[in-house]
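First the structure, in the form of structure tokens, and then the observations on it.
Bear in mind that the values in this text are calculations on the coordinates, not laboratory data. This structure is a prediction, so every number in the text was calculated from the model and none was measured. Cβ placement follows ideal geometry from the backbone for every residue including glycine, while neighbour counts extend to all protein chains displayed.
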Amino acid sequence: NDRAQSARDLRTDDSPFQRDKNNNWVTVDESALFIFTKGIVVGPFNDFCTYGNAVLSVEAEPWGSSIGNCPSGDGSVTFGGYNVASGAHSTVTGGMFNKAYEAYSTVTG
């Protein structure tokens, strides 16, 4: 997917990262924030989702499909599998096949 980039070389002269003793990437400046205006996807990217702005999606299971969580509402959050949070600021915090359609709605798997 050309929208989701990974495996970039983070070792530049002005990189905000360095390697720790376990070879993990850590921030150099402990007082700095990372600001993600579009969102963060941890796990598979859902090719069929129109991701909202300022969203978070976490899906750890390898479902073997490009159809997974879909936080399409602005400010929405999805955890679990195949969950949809399409209402603005809505959340689905676990489980599978759950849907939070209305603004500010929440479903706890």
Ala103 paired with Asp29, simple spin-label distance in nm, labels 7 Å along Cα-to-beta-carbon: 3.5 nm
Which order do peptides 99-107, 21-29 fall in by mean Cβ count within 10 Å, highest first? 99-107, 21-29
Estimated FRET transfer efficiency when R0 is 30 angstrom, pair Asn22-Val42 (beta carbons, to 0.05): 0.95
